[in-house]
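Worksheet: the structure to be examined is printed underneath.
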Amino acid sequence: MRSKLFQLTILSWFFVGSISTQAQTHEGRSFILQYYEPSEEMAFYAQLIIESGIFDEVVSDLEEEFNLPTPITIVFASGIEGPQYYQGVINMPYEFLAYNDQVLAASNFTADPEEAAEILLNLTEFVLYHEVGHAIVDVLDIPVLGKEEDAVDGFAALLASIWDLDEVALAAADVMAASASIADTEITDAQFWDSHSLDEQRMFAIFCLIYGSDPDQHTELLWEIGMPIEEKDRCQYEYAKTLRNWARVLGVEVYNNPNNSR
């Protein structure tokens, strides 16, 4: 965890206080974070999100990086559709963590509750970066050639690598692998129609970008995911191209500072 934990007993106060405070202070903000009280079934996952403090840090970092013409509201709540971005709002349901907790358990990915909690937080952070990518494409009217879902996966992996949070992107790829391992082996027409690429494709693309961001540090990925040796140069090229292209459309200087971490 990256911040001191709150106690569950003050959770209800935190929800009420945070929403009213943010509503009064959002003027001039690019990102507004709101937590809503969870359903009884989702209380554990809401507690995990709140106590981690991660997403308050994420919003602070996003504020420093991006100056948007209209604010994006990030909502953590129960019973909402998502994760998704729509018309200025990013929905992050607590049920997303619950579902992926079940995926980790069903795939026997880990039997350690603390490791599972860390994976869920990293996954949720990556998915939030992904949805922020959609939001930025929308509010800045950025042209996307190809599948937007793939483009914002690249944005999320890029943001994680620049902020020295490779574990965030790698956790997302790991959960995609876990999900694929328990899915039906037969690929359906519905999966081909989906706006997202297949989990396995997204997993390899994320692994490729993270490897390409720092090949010396991530040599073990070659063996862990069975990457053909001839793909090494392509992954470095893909990372450099992704970095250059996002920097160009956002009008920012191209940089990758491995010491820029939270």
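Table for the structure above
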quantity: Enclosed volume per residue, in Å³, of the convex hull spanned by Cα atoms of region 64-133; calculated: 98 Å³
quantity: Distance from region 227-245 to region 107-176 (C-alpha centre basis), Å; calculated: 18 Å
quantity: In Hz, Karplus ³J(HN,Hα) per residue of region 210-227 (6.51, -1.76, 1.60; θ = phi - 60°; x = Gly, Pro); calculated: 5, 4, x, 6, 7, x, 5, 6, 10, 4, 5, 5, 4, 8, 5, 10, x, 5
quantity: For region 43-185, accessible area per residue (1.4 Å probe, heavy atoms of protein chains only), Å²; calculated: 39 Å²
quantity: Surface share of carbon and sulfur [accessible, 1.4 angstrom probe, percent] for region 24-150; calculated: 47 percent
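The values are calculated or read from the model by the stated rules, or taken from the named source; none is laboratory data. Here the structure is a predicted model, which means the values were calculated and not measured. Areas reflect the complete protein model, heavy atoms only, side chains present, ligands, DNA and RNA absent. Shrake-Rupley method; radii C 1.70, N 1.55, O 1.52, S 1.80 Å.
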